[in-house]
Amino acid sequence: MTDYALPAGRPRPARGIARRLLAPLSMLAVAGLACAPIAYMVWPQAKPVSPDAPSLPITIGGVTFNAPPAAIRFKMQRRAGPQARIDMVFLWPSLEPPGPTVALTPSEAPKVTERIFVTIAGSDTTLPPAERLKTIYPRYLAPGPAVDMGGLQVRAFRSGTPYQGEDLIVDPAAPERLLMRCTQSFASTPGTCLHERRMAGADITVRFPREWLGGDWRAVASGIDRLIARMSRGS
């Protein structure tokens with residue numbers, strides 16, 4: 001039988017094609033991983049329900065919250081009773097749950113700048129936010145005075161610390177009410193702010209775009225207050 005093997009040193013056609021395809025496929029994979037966190041935040045995570053559906057009494061860390069099911073991002077969390085945590089998203093500035101429309105393509109995905117994300121979980125062994133402001137954060141702040149930002153005080157964290165790339169932003173008149181850690185903004189990466197509150201045995205974490213603070217930050221603080229009060233049972 002005649003042997004049609006290719007001469008030594010000449011790559012087989014299948015291998016050559018595979019090698020030519022490997023580089024662009026690898027680049028696409030890296031790009032997909034880079035976009036995944038943003039897509040995860042803005043894309044609906046469960047079949048949406050009507051925004052006017054009755055709130056669910058959910059107990060976390062011994063505290064009962066009224067959670068609108070349309071705002072809860074994961075179907076498995078849409079149930080009354082004790083839970084370890086719930087993840088929610090609300091429209092800004094209305095603070096209403098998102099509507100039932102599901103985005104079908106990436107171009108139709110909701111804008112993260114129009115959303116405020118709320119996570120409620122049982123508190124862990126970390127210090128409450130107000131105590132961290134007094135005892136933990138000062139150790140990692142960069143030297144120098146605070147910068148005024150329309151009435152807010154801004155201090156950068158030092159490089160090489162656990163909070164590298166973040167700023168500590170505080171309302172000096174009421175630091176326990178508005179204490180935030182915000183990532184620094186760049187042209188390709190908008191900054192995000194994280195605000196935490198402890199309510200008995202529950203930790204409430206609120207995330208929103210840093211650019212909101214450049215407008216009426218007092219309206220942002222008031223909106224967070226109203227949102228938390230509305231979810232607190234009996235308030």
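Observations on the model:
- Local net charge near I72, Cβ-Cβ under 10 Å (Lys/Arg +1, Asp/Glu -1): +3
- Proximal charge balance of G165 [Cβ under 15 Å; K/R count +1, D/E count -1]: +2
- Within region 46-231: Cβ-based charge dipole about Cα centre, in debye rounded to nearest 20 (Lys, Arg +1; Asp, Glu -1): 400
- Here each label is just a point 7 Å from Cα along the line to Cβ, and for A130 and S94 those points are 3.5 nm apart.
- Loop-located trypsin sites (Lys or Arg not before Pro) in region 119-221 (DSSP state not H, G, I, E or B) with no more than 15 neighbouring Cβ atoms inside 10 Å: R158, R177.
Read-outs throughout are calculated quantities, based only on the coordinates presented, and are distinct from any laboratory measurement. All values derive from a computational prediction rather than experimental measurement. Cβ coordinates were reconstructed from backbone atoms using ideal geometry, including for glycine residues, and neighbour counts include every protein chain displayed.
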